[in-house]
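Colleague: Here it is, the structure in full.
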Amino acid sequence: MDERSLSVSALTRVLSMAVEQIGPVRVRGELSQCRVSANGHLYATLKDEQALINLVMWRSTLRRQAQAPREGDVVEVRGSVEIYPPRGSYQLVASRITPAGSGDLAARLEALKQGLLAEGLFDEDRKQPLPFLPRAVGIATAAGSAALADIIDSIRRRFPAMPIVHAPCPVQGAQAEAGIIAALARLDAHPDVDVIIVGRGGGSLEDLWAFNLEGVVRAIAACRHPVISAVGHETDLTLADLVADCRAKTPTEAGCLVVPERTACDQILNDHRRRLNRAIDALVDQHRQRLEALATHRALVWPQQIVNRHRQRLDDLHHGLDSALEQALRTQRERLDRTQRALHLLYPGRRLRVAREATTQLQLRLNRAANAHLIAGQQRLRALVGRLDALSPLAVIARGYSLILNEDGSVVTSHDQVQTGQTLRCRLSDGWIDTQVTGQQAERLGEARILYDPNPSS
């Protein structure tokens, strides 16, 4: 084994690195020699029947404790082991101290806290600013409690005329959650309440547990008006403190946060009044100086000269207007004379008489042409009707001939197209008859000629 000479600080660093590798631990023991330094750090000894270890909890961690550790408490400490180099001793740096047996309660509280934190209910950007001077202050706490008295007393000392609306509710026990939620809802719906204080006096973790319940936390987050949480003492930290728009260390401080001091308001008003008066005086002086300057202006000193100048200008304009009107009238009169002469030359009476006579002649010629055209059309129609009658097959049939059709509707022109026993249709002058072929005999009488073809090819 290599034996090297180490300095004390080097050996301490080696041991510190080895100890820090242990990681987070949970240690159970009894607190003794508890003290809080001037810087707000907690120093104590954690011991059991056989050993002890120094314990330290830094101020930032101590402020988040729901209950301040006390001498003789049997607790469970969560933290890490470190070596303090100046003394060469190891110590337990605590991140959380809970009463022994309350581990499950603290675990549930931490789980709920992490869930609400993930939802963003504790985000600073969702928190509302407190009004400077509310119309009324709402208080949700137990009736007749010391916390209520402290809040009212601090408000009355700072602003005696401030209206206060109290919604009594239980702050501990089985009915506390529903009571706090209902009180917050009543105050949030009140027409005059602009800010709400919810809280109670100090106590153990179990006493303050109502302000760690999810229903109360969500009710605070849902309020339309800003909410101040004033639960317990400065060392008591609940989920209501985290979700509220503002946290007061004590109920008394909540009363101080919610209203300004009346004397300070009066001082501010007096300051504004003096500044306003000075501004008004300066404005009046400014306008007075301007008025004095205007009073010496030549426009006001010699107004008659200006009036005379404008009167002369008015006379010039009047004379020019008269001349312009006379010239315009002469021009329009000349145009009117020229137009009358042109109209006289273009008088339409004579032209209308000539046009009327020409129209009469054209109407007579149109009537004669129409009659001649009508007579010619009638004559042509009679000629066409005669020719149509001469060519009609019905006229031929009327002279004793008939039209014979086969069963398929074709015209029979030869005996070769029919057979014995076949039924034929014959068209006579006054209708149709059906006949049956009983015999056939060929006879050449000369060239056959079709008198009528119901389906001509062209």
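Colleague: Are there any pairs, at least 6 apart or on different chains, whose C-beta atoms fall under 9 Å, with the first in the stretch 179-193 and in contact (Cβ under 8 Å) with a residue 12 or more places away in the chain and the second surrounded by fewer than 21 Cβ atoms within 10 Å (Cβ to Cβ) and β-branched (Val, Ile, Thr), and if so, which?
Modeller: Within 9 Å, the pairs are Arg186/Val165; Leu187/Val165; His190/Val165; Asp192/Val165; Val193/Val165.
Colleague: Every residue in the stretch 221-232 that is assigned to a loop (DSSP other than H, G, I, E, B) and under 23 Å from Arg64 (Cα atoms), please.
Modeller: If the condition is that a residue be assigned to a loop (DSSP other than H, G, I, E, B) and under 23 Å from Arg64 (Cα atoms), then Pro226, Gly232 are the ones that fit.
Colleague: Something else about it: Looking at the stretch 88-97, which of the residues that are touching a strand residue (DSSP E or B) at 6+ places or on another chain (Cβ under 9 Å) and not aromatic (Phe, Trp, Tyr) is modelled with the lowest pLDDT? Write out each step before concluding.
Modeller: First pass over the stretch 88-97, keeping only residues touching a strand residue (DSSP E or B) at 6+ places or on another chain (Cβ under 9 Å): 89-97.
Keeping just the survivors that are not aromatic (Phe, Trp, Tyr) gives 89, 91-97.
Details: Ser89: 78, Gln91: 86, Leu92: 86, Val93: 89, Ala94: 91, Ser95: 89, Arg96: 88, Ile97: 88.
Step by step, filter the stretch 88-97, then rank; the result is Ser89.
Colleague: Of the residues Arg158, Arg126, which single one is surrounded by 13 or more Cβ atoms within 10 Å (Cβ to Cβ) and not small (Gly, Ala, Ser)?
Modeller: Details: Arg126 fails: surrounded by 13 or more Cβ atoms within 10 Å (Cβ to Cβ).
Every option except Arg158 fails the conditions.
Colleague: Quick check on the stretch 254-269. Is at least one of its residues polar (S, T, N, Q) and either part of a loop (DSSP other than H, G, I, E, B) or in contact with an Asp or Glu (Cβ under 6 Å, 6 or more places away or on another chain) (or both)? Talk me through it step by step, then tell me what you get.
Modeller: Going through the stretch 254-269, the residues polar (S, T, N, Q) turn out to be 263, 267.
Checking the rest, the ones that are also either part of a loop (DSSP other than H, G, I, E, B) or in contact with an Asp or Glu (Cβ under 6 Å, 6 or more places away or on another chain) (or both) come to none.
The answer is no; no qualifying residue exists.
Colleague: While we're on this one: Is it true that Leu384 is at pLDDT 90 or above and of a type outside the set (Phe, Trp, Tyr)?
Modeller: No, not satisfied.
Colleague: If you don't mind, there's one more thing I want to ask. Checking the conditions here, which among Ala147, Ala118 is of a type outside the set (Lys, Arg) and in contact (Cβ under 8 Å) with a residue 60 or more places away in the chain? Steps first, please.
Modeller: On the way: Ala118 fails: in contact (Cβ under 8 Å) with a residue 60 or more places away in the chain.
One residue alone meets the criteria, Ala147.
Colleague: Right, next: Could you check Gly29 against (1) touching a helix residue (DSSP H, G or I) at 6+ places or on another chain (Cβ under 8 Å); (2) more than 30 Å from Val243 (Cα to Cα); (3) modelled with pLDDT of 85 or more; (4) not polar (S, T, N, Q) and say which number it fails?
Modeller: Result: Gly29 passes all but (1).
Colleague: Also, quick follow-up: Just the residues that are assigned to a helix (DSSP H, G or I), in contact (Cβ under 8 Å) with a residue 24 or more places away in the chain and over 20 Å from Gly439 (Cβ atoms), please, taken from the stretch 380-428.
Modeller: Pro393, Leu394, Val396, Ile397, Ala398
The values are calculated or read from the model by the stated rules, or taken from the named source; none is laboratory data. Every value quoted in this text rests on a predicted model; they were computed, and no experiment measured them. Glycine gets a Cβ as well: all are built from the backbone with ideal geometry, and neighbour counts include every protein chain shown.
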